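The block underneath contains the structure these notes are about, expressed in structure tokens.
Please treat every number below as a calculation from the coordinates, not as lab data. On a predicted model such as this, the values are computed, not experimentally measured, just so you know. Glycine gets a Cβ as well: all are built from the backbone with ideal geometry, and neighbour counts include every protein chain shown.
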Amino acid sequence: MTFAGLENVWGAPILGILRHRLHGVLLDQADKAGVEVRAGAAVTGYREAVGAITVVMADTSTVDGDLLIGADGLRSAVRAQMLDDGEPVYRGFSAVRSVGQAPPAHPHGFLAYGRGLILFTAAIGDGNVYWVASITAPQNAWPSKDGATAHRDLLHLMKGWDPSLTRVVAEADPQTLVLTDIYDRDPVTTWHRGRAVLLGDAAHPMVYTMGQGANVTLEDGTCLVHHLARGTAVNEALSAYTAERAPRTAKITKQSRMMGSIGQTTNPAAAWFRNRMMTLMTPGNPNKQNADVFGWQPPGP
């Protein structure tokens, strides 16, 4: 499955950006807006008062404000205090990731399926691709490996694959490999209490099988700003934001989990069904399900 020509379907191609570059873009905009940025400030919780909220840091320092946006990720401290809903759930597969030169045969990226193994690449500019191999495995089996061992074991799993697909892995520097287990949480309908609100992975962590984690987080930010800018009471704005975002992200979380479960199967019959389903689900297939995911538009005035 390749990703060439998607601009003809959705009006834009798939555009990949590395996390640190996205952070840089956001930081530049924050600086231009005069936002004070504190690097390495670990949030441990918050305290509410009438008309205000106080954020508590790991070093016991505090910050007062009108609103706390908990965008602190998979193991969010803000969510833990707000919902107290336990740890995220391991979904049965791990990721090996890196960056390399785009394979000449697939410069726009591709998605390749094996049994219990998926390889995905996405173009990130300058002739490079981001790649991730998803491997069905017990929890912590891959993160516990060193880079050289993981590289060797991954190439062994890909033995017999088309070299035009595995080239990007074979050429990778083992020391650049990032090894992680993959988690999510069940969707919830409570995203805010008082003057604290959740956004991104803190609200809706999802497995990456549809490539929507960062996308829906940016959507969250757009919608939250939209509702806060309308000038209504804080609780009303946060309720409207939650009502708009929770159903959409719940659907994508469940779809992503289903695709992860089916995609990582080691059963031959299930693998055949998966291959058929993925043909229908490819972003280049303009069906309603894809339109709901890829055709999102920001809220109007």
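Dipole size of the chain about its Cα centre, with +1 on Lys/Arg Cβ and -1 on Asp/Glu Cβ: approximately 860 debye, rounded to the nearest 20.
Please label the shape of the range 209-253 as rounded, prolate or oblate, based on the square roots a ≥ b ≥ c of the eigenvalues of the alpha-carbon gyration tensor (a/c under 1.5 means rounded; beyond that, a/b larger than b/c means prolate, else oblate). Oblate.
Dividing the Cα radius of gyration of the range 175-216 by 2.2 N^0.38 Å, with N the residue count, gives 1.46. With K and R counted +1 and D and E -1, the other residues having a Cβ less than 12 Å from that of SER98 yield a net charge of -1. Say R0 is 35 Å: what FRET efficiency, to the nearest 0.05, do THR190 and GLN101 get from their beta-carbon distance? Computed FRET efficiency for THR190 and GLN101 comes out at 0.20. With all pairs of different C-alpha atoms in the average, the Kirkwood value for the hydrodynamic radius of the range 137-237 is 17.2 Å. Calculated [222 nm] ellipticity per residue, helices only, for the chain: -11500 deg cm²/dmol; basis is -39500 (n - 2.57) per DSSP H run with n ≥ 4, divided by all residues, nearest 500. Between GLY70 and VAL197, LEU198, LEU199, the built amide H atoms are under 5 Å apart, and every one of these is 5 or more places off in sequence or on another chain. In the range 89-183, taking the dipole from charged Cβ atoms about the Cα centre, the farthest positive-side position among SER134, PRO104, LEU165 is held by SER134. A viscosity of 1.306 mPa s and a temperature of 10 °C, combined with the Kirkwood radius over Cα pairs in Stokes-Einstein, give a translational diffusion coefficient for the chain of 76 µm²/s.
When only alpha carbons of the range 89-183 are considered, Rg and Dmax amount to 12.6, 38 Å.
Hydrodynamic analysis of the range 1-104 uses the Kirkwood radius over alpha carbon pairs. Inserted into Stokes-Einstein at 4 °C and 1.567 mPa s, it gives a translational diffusion coefficient of 72 µm²/s. Here the range 89-183 is treated with +1 on each Lys and Arg Cβ and -1 on each Asp and Glu Cβ, and its dipole about the Cα centre works out to around 260 debye.
For the range 89-183, the relative contact order works out to 41 percent when only alpha carbon pairs closer than 8 Å and six or more residues apart are counted.
Coordinate range of the alpha-carbon atoms in the range 226-276 per principal axis, descending: 56, 15, 10 Å.
Between amide H atoms placed 1.01 Å from N, distances below 5 Å from TYR90 occur with no residue 5 or more places distant or on a separate chain.
Coupling constants for the range 174-190 follow from the phi torsions by the Karplus curve (6.51 cos²θ - 1.76 cosθ + 1.60, θ = phi - 60°), and in residue order they are x, 6, 8, 5, 10, 10, 9, 7, 10, 10, 8, 9, 5, x, 10, 9, 9 Hz; glycine and proline get x.
For the range 46-55, 3J(HN,Hα) computed residue by residue from phi via the Karplus equation (6.51, -1.76, 1.60; θ = phi - 60°) reads 8, 10, 10, 9, 5, x, 7, 8, 10, 8 Hz, glycine and proline entered as x. Residue order for LEU26, LEU177, fewest other beta carbons within 10 angstrom first, comes to LEU26, LEU177. How high is the relative contact order of the chain, in percent, with contacts defined as C-alpha pairs under 8 Å that are six or more residues apart? Averaging sequence separation for qualifying contacts and normalising by length gives 20 percent for the chain. Projected onto its three principal axes, the C-alpha set of the range 117-160 covers 34, 24, 18 Å, listed from the longest axis down.
Estimate the FRET efficiency between LYS32 and ASN140 by the formula 1/(1 + (r/R0)^6), using the beta-carbon distance for r and 45 Å for R0, to the nearest 0.05. In this case the efficiency is close to 0.60. Residues whose amide H falls under 5 Å from that of ASN128, counting only those 5 or more places apart or on a different chain, are ALA102, with hydrogens built in the peptide plane.
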